Amino acid sequence: MRINRIKSGMHSKAEVIIDSKTQVGAQRALNLILACISLYAGEPVIPFLDVEALAYRDEDIKSLPLDEKVQFSRRHWLSHIPISCVIAAKASHRRKYIYAISKYSFSITNFSLFHVELDPFMAQHIPVSPYPDDHVRFCYAIVSAYSLLEELGLEIRASQDNPSMIGGKWNPSVKKNLENRLRRAGINLKETLSWTLRGPKKKIELEKSPLLLSKEKWAYGLMVRDASIELLDAIAYASWLRSYVSSHKTKDITTAVSAYDVINVQHLARRLILESLGYWRYQQN
């Protein structure tokens, strides 16, 4: 991959060129870059393009019919392309990173929200959907987002003989094992995560509430109850949402899964992959 300088009118712009011996290799690189754009942005970008992004050579399209040439010549303005290329290049050296990013992309393709839809002072509250197809999409979005943690080796490792919780508290051996793996991955355990809670408590939260710390400074009343949460407790709750709400046969509680349950697990997954790659606080550095 290289960057060329091109002139457009009075301005000089950068153009990313994918250099590959095969079309398959070029397409794999392009797919990873596009997934990294959404990953870094933290909101859906690529899943909402109305055309499929294809890697091609200029000479390959010279003989195409005019309507197909127009399709190839369409342009989409996307942010974060340079840094997304850097992240993709780093991720490309490890299979676990490639598949973790692909799973994040798959998750937000099933369901995702734009940042503006979570603005505590402007966005409308999103109620629990009454539609089964939404419940299925939400569940698969949660399952695939949590599976990202498994790709990174940052999931909870427990068993019937060695459970993660004993009497409602962390099993010390399971907790220590997870902490060690998170630290080795470069995760800052001192930094908490923001957990989005909107509207009155719903069925899932009444069944099992996340272990929260303090309310976020923008939280107010019953409609915006966002709070901080320890990273390990966020992983534990995401694991519960995956195993007892989203996976396997549909249960009564599955019909209560909400958009906010999905984005919380996705936000957790996004932080862990970006921080593992060294780009979680990149914009602030």
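Residues are listed down the side, and each one gets a yes or a no for (1) in contact (Cβ under 8 Å) with a residue 60 or more places away in the chain; (2) over 23 Å from SER38 (Cβ atoms); (3) more than 13 Å from the chain's Cα centre (by Cα); (4) not assigned by TED's automatic domain parsing to the domain that holds VAL265:
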| position | (1), (2), (3), (4) |
| --- | --- |
| ILE101 | yes, no, no, yes |
| TYR104 | yes, no, no, yes |
| MET122 | no, no, yes, no |
| ALA141 | yes, no, no, no |
| SER144 | no, no, no, no |
| ALA158 | no, yes, yes, no |
| ASP161 | no, yes, yes, no |
| SER164 | yes, yes, yes, no |
| LEU178 | no, yes, yes, no |
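Note on region 124-139: residues that are touching a residue at least 40 places away in the same chain (Cβ under 8 Å) and within 28 Å of ARG28 (Cβ to Cβ) total 0. Of all the residues in region 153-180, those that are loosely packed, with under 11 Cβ neighbours inside 10 Å and of a type in the set (Asp, Glu) number 1.
Taking each residue of region 237-264 that is over 12 Å from ASP134 (Cα atoms) and in the same structural domain as ALA158 (by TED's automatic domain parsing) and looking for partners that are among the hydroxyl-bearing types (Ser, Thr, Tyr) and outside any helix (DSSP H, G or I) with beta-carbon atoms closer than 8 Å, six or more apart or interchain, yields SER239/SER164; TYR260/THR196; ILE263/SER112; ILE263/THR196; ASN264/THR196.
Scanning region 241-285 for residues that are among the aromatic types (Phe, Trp, Tyr) and crowded, with 20+ Cβ neighbours inside 10 Å gives TYR260, TYR279.
Elements of the type strands (runs of 3 or more DSSP E) sitting completely within region 181-236 and holding at least 1 residues that are surrounded by 16 or more Cβ atoms within 10 Å (Cβ to Cβ) and touching a helix residue (DSSP H, G or I) at 6+ places or on another chain (Cβ under 7 Å): these cover 193-195. In region 241-249, the condition of being in contact with a His (Cβ under 8 Å, 6 or more places away or on another chain) and over 17 Å from THR196 (Cα atoms) is met by no residue.
The values are calculated or read from the model by the stated rules, or taken from the named source; none is laboratory data. It should be emphasised that the depicted structure is a prediction, and the values quoted were computed from it without experimental measurement. Reconstructed Cβ throughout: ideal geometry from the backbone, glycine too, with neighbour counts over all protein chains shown.
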